[in-house]
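Contents: one structure, followed by commentary.
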Amino acid sequence: MPRRVSASLVLVALVASLTHAGRASAGDKELCLQASEDGQRARVAGRLIEARVQFVTCARPVCPPIVRNACTGWLDEVERAVPTISVGVQDARGRDLLDARVLVDGRPPPDHDAGRSFPLDPGSHVVRAEVNGKLYEEHVLVKEGEKARAITVRVPLGAEPTPEVSPSALAAPSASSPPGRSIGPFLVLGAGVVATGVGLGVFFAGAGAFPDNCRTDTATSERGGTCAKTPEDPTGAASTDAAVSAVNQRNIGLGIVAGGGALLVGGLVWWLLDSPAQPKAAAMRVSPALGPGFSGLAWTGAF
């Protein structure tokens, strides 16, 4: 059967089939014939949705068989040709904006809230989204035969709706979601571990560098006679200088270890005081205090 059938051909076929269509009344026959003609005109004009409605009408069982068969075939062809689209609205981060009002050619699309696709005639269409009183639109060309094409209207950053926050949520944190710990105590504990490790390394390096021919108790108090003379150092002066340097290095290592220990203690105390379950009515803050020759903790706040 050719795709386009003229109204006269359908009329001749209808007259020829009258003897086989006894069930159909004169009104039904006229309606079937008119629907087949209107459907063909709408189809040629590209109004596929309208054509589908007409072909459904003339494909009913009450229509003459030859007309019914022709309309059934045309209906199948139109069903394959009718494009379908779905519309979504997203912000600049790709998040769906569920409260946006969507219009396609000035009308709300069916089943948009359910996320389902809907039929549309092929051609150029305008898809609009209203967000916060502003309109954003996309011009699209829908092609015949396209199925379930997803159309997304992009809303620029800053134009998306601001989520509402209740006054009670701003007044106090929820009991079911306690606040997290501050990162400060962990930084202090980490610094304490590093400082302790460095100090121990310096201390043992100094201990290993102390000459075997020198005595520890006198190496830092007297420079003469504290180290035994050796063939390599007949006067003992070089050994004494090495001993003094080693002792100083050990003392520096001990100082670094002491500072690292202070940081460890301070970080631990800070971590305990910063517990989410701890009441904060006193508004007390603990922070490490470091300076030339000293290290410790500083407590600040209103009690």
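If you go through region 77-93 and keep only what is of a type in the set (S, T, N, Q) and within 25 Å of the chain's Cα centre (by Cα), you end up with SER86, GLN90. The residues of region 53-105 that are without any contact (Cβ under 8 Å) to a residue 24 or more places away in the chain and touching a helix residue (DSSP H, G or I) at 6+ places or on another chain (Cβ under 6 Å), listed by number, are GLN54, PHE55, ALA59, LEU75.
Among the residues of region 288-295, are any at pLDDT below 75, more than 20 Å from GLY199 (Cα to Cα) and not in a helix (DSSP H, G or I)? No, because not a single residue in region 288-295 is at pLDDT below 75, more than 20 Å from GLY199 (Cα to Cα) and not in a helix (DSSP H, G or I).
Scanning region 122-149 for residues that are farther than 16 Å from ASP105 by Cβ, touching a Ser or Thr at 6+ places or on another chain (Cβ under 9 Å), open to solvent by 70 Å² or more (accessible area, probe 1.4 Å) and at pLDDT 90 or above returns a single hit, LYS147. Summed over region 215-251, residues that are touching a helix residue (DSSP H, G or I) at 6+ places or on another chain (Cβ under 6 Å), at pLDDT 80 or above and not small (Gly, Ala, Ser) total 2.
The values are calculated or read from the model by the stated rules, or taken from the named source; none is laboratory data. Bear in mind that the values here come from a model prediction, so they are computed numbers and not experimental data. Please note: Cβ atoms are built from the backbone with ideal geometry, for glycine as well, and neighbour counts cover all protein chains shown. Accessible surface is based on the protein model in full, side chains and every heavy atom, while ligands, DNA and RNA are left aside. Shrake-Rupley method; radii C 1.70, N 1.55, O 1.52, S 1.80 Å.
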